[in-house]
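Bear in mind that the values in this text are calculations on the coordinates, not laboratory data. Fair warning: this is a prediction, and the values are worked out from it, not measured in the lab. Neighbour counts run over all protein chains shown; Cβ positions are idealised from the backbone, glycine included.
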Amino acid sequence: MSAPTPFTARVRRAVRDGHLHEAIGRATGQLEARRGAAFASLEQAELVRDRARHARLHALGRLDAMLETFERRLTENGVRVHWARDADEACRIVARLARERGLRRAVKAKSMLSEEIRLNPALEAAGVQVVETDLGEYVVQLADDRPSHIILPILHLTKEDVGRVMERRLAVPFTPRPAELCRVARERLRGDFLAADLGISGANFGVAETGTICLVSNEGNIRMGTTLPRVHVALLGIEKLVPTLADLDAMLKVLARSATGQKITVYTSLIHGPRRTPDEIAPEEVHVVLLDHGRAATLAGEEAEILACIRCGACLNACPVFRAIGGHAYGTVYPGPLGSVLTPALRGLPEWRELPEASSLCGACREVCPVRIDLPRMLLGLRARGVARHGAPLRLRLAMRAFALLATRPRWLRLARRIGGALARRFARDGWLRRAPGLLAGWTAHRDLPAPARRSFDDWWEERRRGRA
């Protein structure tokens, strides 16, 4: 047998981690319940979802023209626009801005795009101190860890874990009380906000018609980080545009409900440009970095629809695979069904061909997606291309050929089912198989398999049909 791949090794560790399951199960269960209640409060919720989907797909369908409009409006608003082909160029742009303006201390809002391009190490190498100001990202930074969820960076940690991190890194007394942990972080970050000369953020949306940058948050850190420093740099993937402010309204109605089960986030910031009068509380300069990094190529491919994602994280919370292995096992910035499509699309299938396999194809991700992205379709497409290029494992090929042989011969299938069912019941204990042979061994390694019923559904149905006749 071949040695397990790094992905397989990470999955095996995660599956055995009871502490991880406790933390993930508690959080995702609450989020799912809150999402259902929040959408129940939205009038004509399905029509709003349809409108949000149409707006995103419309923007992607004419992205070239919309980007030109967005750049023009930003420039008219006094914002300086920079274009980056890849991660290295984006990091060089931000580092150059800091160097030319003598900026040495940066406060940063949560941005998955900055994680994607590894901006923090690049800035630190350029002599810029970077402090994460989102509470979850702050804890991740203190712990020398990385986010495990696109909305809840410390989903994999309990409040006791956070207390130990702060005790170790900030030299404060241990406490598991969330209110006290927030107080400690708030006091430490206040000085960083006041001392920073560079504020860095991502952006949830860019509005093409007005050149508006929209950021949403449940913490006040984004407001502080985009107004107090004298320079603000916002990072945007080129796909993050919506056509109009009316379209933005639909996005905001479904984003918070899908992400955290709120009707709307606590803070919604609409940034139009730098300070215009001496009394205005705003930065002296605003820069927007528009990043490609594989997005244009993805737009031309079979996974183009994934670029409509609004990064709510609902598909992660609903996915049974994510709930079993957590975010770190995926080995990429974007975990869950989203990452299993987006990462191979952006970075290439050969290196990430295992991610599309990390799905049960149950369709829960498609059901909860606020813009109805057909994730199962794209996962199947990536799987098919992976098999076409690299082949499938020998034992899986043999198993599928055997199944095809039986499935096309009903009499053989019924005979095999009866023999297999009898053998399974023979080795079952109290109605459960605790160790199955062959490919089923992976299932029973972590859970029991119900023994087949003595009478199959087909048998029951045939008897019922004959009785009616």
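General remarks:
- Lacking any other cysteine beta-carbon closer than 4.7 Å, the following Cys residues of the chain have no compatible partner: Cys91, Cys182, Cys214, Cys309, Cys312, Cys319, Cys362, Cys369.
- For the range 41-80, GluC sites (Glu not before Pro) meeting the loop criterion (DSSP other than H, G, I, E, B) and having at most 14 other Cβ atoms within 10 Å: Glu43.
- Using only Cα coordinates, the Kirkwood hydrodynamic radius of the range 306-352 works out to 10.9 Å.
- Euclidean distance of C-alpha centroids, the range 1-49 and the range 149-218, integer Å: 21
- Cβ-based net charge around Leu157, under 10 Å, with every Lys or Arg adding one and every Asp or Glu removing one: -1
- Residues whose amide H comes within less than 5 Å of that of Val233, counting only those at least five positions distant or on another chain, are Gly199, Ile200, Ser201, His287 (H built at 1.01 Å from N in the peptide plane).
- Normalising the Debye intensity of the range 184-293 to I(0), with uniform scatterers on Cα atoms only, and taking log10 at q = 0.16 Å⁻¹ returns -0.79.
- Rg/Rg_ref, the range 234-308, where Rg_ref = 2.2 N^0.38 Å and atoms are Cα: 1.40
- Calculated over the range 42-293: convex hull of Cα atoms, volume per residue (Å³): 132
- Converting phi to 3J(HN,Hα) with the Karplus coefficients 6.51, -1.76 and 1.60 and the offset θ = phi - 60°, the range 100-116 yields 5, 9, x, 8, 10, 10, 10, 10, 10, 7, 4, 8, 5, 5, 5, 5, 4 Hz in sequence order, with x at every glycine or proline.
- Long-range amide H partners of Thr212 with built H, under 5 Å: Val207
- Rounded to 5, percent antiparallel among DSSP beta bridges of the chain: 30
- For the chain, the 222 nm mean residue ellipticity estimated from helices alone, with every DSSP H stretch of n ≥ 4 adding -39500 (n - 2.57) and the total spread over all residues, rounds to -16000 deg cm²/dmol.
- Under a model in which nothing but the beta-carbon of Lys, Arg (+1) and Asp, Glu (-1) is charged, the chain shows a dipole of about 2660 debye around its Cα centre.
- For the chain, the longest principal axis of the C-alpha atoms and the axis of helix 159-170 are separated by about 40°.
- Glu302 sits among other residues whose Cβ lies under 15 Å from its own Cβ, and their net charge, with Lys and Arg +1 and Asp and Glu -1, is +3.
- Diagonalising the gyration tensor over the Cα atoms of the chain and scaling each eigenvalue by 5 before taking the square root yields semi-axes of 46, 26, 21 Å, largest first.
- Rounded FRET efficiency, nearest 0.05, which uses the C-beta distance separating His19 from Ala428 and R0 of 25 Å: 0.20
- 0 to 90° range, to nearest 10: angle between helix 63-76 axis and the chain longest Cα axis: 20
- Dipole magnitude (debye, nearest 20) for the range 394-468, charges at Cβ of Lys, Arg, Asp, Glu: 200
- Modelled label positions at Leu57 and Ser360, each set 7 Å beyond Cα in the direction of Cβ, lie 2.8 nm from each other.
- Nonlocal amide H pairs with Leu433, under 5 Å, H built at 1.01 Å: Leu449, Ala451
- Estimated FRET transfer efficiency when R0 is 25 angstrom, pair Arg397-Glu367 (beta carbons, to 0.05): 0.20
- Table column - 3J(HN,Hα) (Hz), the range 124-134, Karplus curve with 6.51, -1.76, 1.60, x for Gly and Pro: 5, 5, 8, x, 9, 7, 10, 10, 6, 10, 5
- Relative contact order (%) - the chain, alpha-carbon pairs under 8 angstrom, separation at least six: 18
- Which of Cys91, Cys182 has the fewest Cβ neighbours within 10 Å, and the rest in rising order: Cys182, Cys91
- Taking the C-alpha atoms only, the angle from helix 18-40 to the longest principal axis of the chain is near 80 degrees.
- Cα extents of the range 394-468 along the three principal axes, largest first (Å): 43, 32, 16
- Selection among Val184, His149, Ala208 by position relative to the dipole of the range 42-293 gives Val184 as farthest towards the positive end (Cβ unit charges, Cα centre).
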